[in-house]
Amino acid sequence: MVDKKYLKIGFTIFLFYLVIYYWSGISGAIGIAVSAAVPLFVGVVIAYVINILMCYYEKCYFPKSQRKLVQKTRRPFCIVFSLLTVVVIILAVIVVVIPEFLSSIELLVAEVPKVLNKAYVWIINNEEIKPYLDPATLNAQIDWQKTVKDVLNVIISGAGGVMNSAISIATSLFSFAAQAVIGFIFALYLLFNKEKVMGQLDKLLKVYVKDSIRDNIMYVAGVANSTFKSFIVGQCTEAVILGLLCAIGMMLFGFPYAGMTGAVIGITALIPVAGAYIGAGVGAFMICTVSPMKAVLFLVYIVVLQQLEGNLIYPKVVGTSIGLPGMWVLAAVTIGGGLMGITGMLFGVPLAAVAYKLLKMDVCYKMAFRGKTNQRKKQAKGGE
């Protein structure tokens, strides 16, 4: 009879041949399956983030009580409290950011014509430029407010395919809303039944995977879970601290839009390393509508604050919690951003931290094993 080992090898080679030959169809099917599963992935991410808050509230919600009513209501109440916490944070940011953003836009629309008029007066009164200008232009009085409106009208009226663009945007928004709703419902199911789901996954691993492989999977999953949880908590804490420091410092120095800029920097600071500078660019643009000089001073202040945050706050709050040196944090943000944009920046650091921890532990284990082996060899030689 033919050895089973060779049958497995032949079957594996045949499968590889089928995959290579029909790769275009297989890759298309995989793409469709991944697109269909996006809401479920979104639900897993939502459930994982909400679970951090839920676990904290469960520790505070009569943790030692043995009453049935308390035990039955602990999970629903903690989920509701967690969702309300997220909603309150989002509403607070909107209330702080949106009004000041709209007022800055109004100020920008009102001030642009004045700036253009000043530039026009300076140009026509400049003796070096005047010879190159048309005499009719020198005597013309331009209504810059009307000119800006006319330009906007031309842009709006001349934009082709506006209806198609609107339909495309509406379709995308509807699709996004549908995926978000499905993901949210799936997240609620996971939160209510997380112990049951984890038990089912554990049973699957016990039945279909060898014990050694299962132990390695559980170990890697445990390291990944602790790292991601520490990263999320640390990054959110660091973002709040940086946003508050920015807003308080701007108030002390008399910069405008302190609340809005602090909130924006706090949000963008969730992106490691580069996030605060993105928020600083938005804040500088808003401040520039009031005073360009204050915008420059604000950028100087942000650079100083970012140095303080990068050297003192971030290593203590985030770097220590995930165990990843600053050099590798920067490398993870750079590579992750290059591969997947903002999503890569967000997930690059914890993924790099997981890989760093696993590699470090494996290296330490192998070095210790080699040390014991060498020691035994020396003892054996000494015994001889």
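Of all residues in region 195-227, those satisfying the criterion of being surrounded by fewer than 15 Cβ atoms within 10 Å (Cβ to Cβ) and among the charged types (D, E, K, R) are 195, 196, 202, 203, 206, 210, 211, 215. Is there a residue being among the basic types (Lys, Arg), surrounded by 13 or more Cβ atoms within 10 Å (Cβ to Cβ) and out of contact with any His (no Cβ under 8 Å at 6 or more places or on another chain) anywhere in region 56-77? Yes - at least one qualifying residue is present in region 56-77. Residues that are farther than 16 Å from residue 278 by Cα and surrounded by 15 or more Cβ atoms within 10 Å (Cβ to Cβ) within region 336-345 comprise just one, 336. In region 231-248, how many are of a type outside the set (A, V, I, L, M, F, W, C) and surrounded by fewer than 18 Cβ atoms within 10 Å (Cβ to Cβ)? Final tally of qualifying residues: 1. For residue 307, the criteria (1) polar (S, T, N, Q); (2) more than 30 Å from residue 353 (Cα to Cα); (3) free of Cβ contacts under 8 Å to residues at least 60 places away in the same chain hold in every case but one, which is (2). Do we have any residue at all in region 287-304 that's touching a Gly at 6+ places or on another chain (Cβ under 7 Å) and either modelled with pLDDT of 80 or more or among the acidic types (Asp, Glu) (or both)? Yes, region 287-304 contains at least one residue that is touching a Gly at 6+ places or on another chain (Cβ under 7 Å) and either modelled with pLDDT of 80 or more or among the acidic types (Asp, Glu) (or both). Restricting attention to region 56-67, the residues that are assigned to a helix (DSSP H, G or I) and modelled with pLDDT under 85 total 0.
Selection within region 249-273: residues that are in contact (Cβ under 8 Å) with a residue 60 or more places away in the chain and of a type in the set (Val, Ile, Thr). The member of this set that is surrounded by the fewest Cβ atoms within 10 Å (Cβ to Cβ) is 267. When residue 360 is tested against the conditions (1) at pLDDT 80 or above; (2) crowded, with 19+ Cβ neighbours inside 10 Å; (3) of a type in the set (D, E, K, R), the lone failure is (2).
The values are calculated or read from the model by the stated rules, or taken from the named source; none is laboratory data. Owing to the predicted nature of the structure, the values given are computational and were not obtained by experimental measurement. FYI the Cβ positions are ideal-geometry reconstructions off the backbone, even for glycines, and counts take in every protein chain you see.
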